[in-house]
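Novice: Take a look at the following structure, please.
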Amino acid sequence: MIPRTISAAAAALLLAACLVACSGAPDEAVSPTPKAPAPTPEASVQPVETEIPEPPAAEPACDTIVSEGTVKVLTDAGWTFEEKEFVIGDVTLDDGLLCFWADYSVASDHGQLYGWSEITAENAARAQSSLLSSGWLREDGPEGVYITEDPQYAMGVDEDGYGMTYLFGDGWVKFADTRQSLLLVGWSG
């Protein structure tokens with residue numbers, strides 16, 4: 001037991017010596033040195049490189065209504081798009097477009113659907129009514145009104161169980177083959 005007591009005392013003494021050595025001299029022994037005034041920073045005029053955003057395309061197109069990253073992933077996979085008429089129930093959206101992205105070099109039903117259009121309040125109400133009468137489901141969200149196909153009849157669903165989904169906003173409608181994929185539709189009109 002005595003060697004531990006001596007070791008502990010030695011460690012405490014060594015710690016005290018280190019603290020005294022690091023603390024410097026007392027304030028009375030230090031003569032104050034006048035500080036020079038801090039230099040006034042000079043204004044510097046140097047060009048700042050800023051990225052100027054690209055203006056949006058004049059018209060929505062299949063490669064502009066979805067994010068650039070989505071277009072890159074799809075085209076890198078060898079996919080291209082076909083533009084289709086955007087029809088919701090009995091409402092034809094002449095100024096909108098529905099895009100079916102797929103690898104058209106092989107026979108397959110595998111692809112991605114994205115759509116966007118301006119829509120009047122009257123046509124939005126008609127389109128929603130038509131979808132609801134066909135068994136689609138409505139959910140209100142902060143972004144707008146979601147109308148989703150009944151998941152028991154969906155060909156494919158996202159991880160939350162949503163298949164094809166329309167999102168109706170103020171003067172516009174988006175469409176994707178799953179609700180999560182609506183996040184990829186970024187046209188702002």
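All of the numbers you see were taken from the coordinates with simple rules; none came from a lab. Bear in mind that the values here come from a model prediction, so they are computed numbers and not experimental data. Here the Cβ positions follow ideal geometry from the backbone for every residue, glycine too, while neighbour counts run over all protein chains shown.
Novice: Report the FRET efficiency, 1/(1 + (r/R0)^6), for ALA107 and THR75, where r is their Cβ-Cβ distance and R0 is 25 Å, rounded to 0.05.
Specialist: Step by step, r from the Cβ atoms, then E = 0.80.
Novice: Rounded to the nearest Å, what's the spacing between the alpha carbon centres of the stretch 54-107 and the stretch 133-189? Just the number, please.
Specialist: 16 Å
Novice: Here is a follow-up. Using a cut-off of 14 Å between beta-carbons, work out the net charge of the residues near TYR104 (Lys and Arg +1, Asp and Glu -1, TYR104 not included).
Specialist: -3
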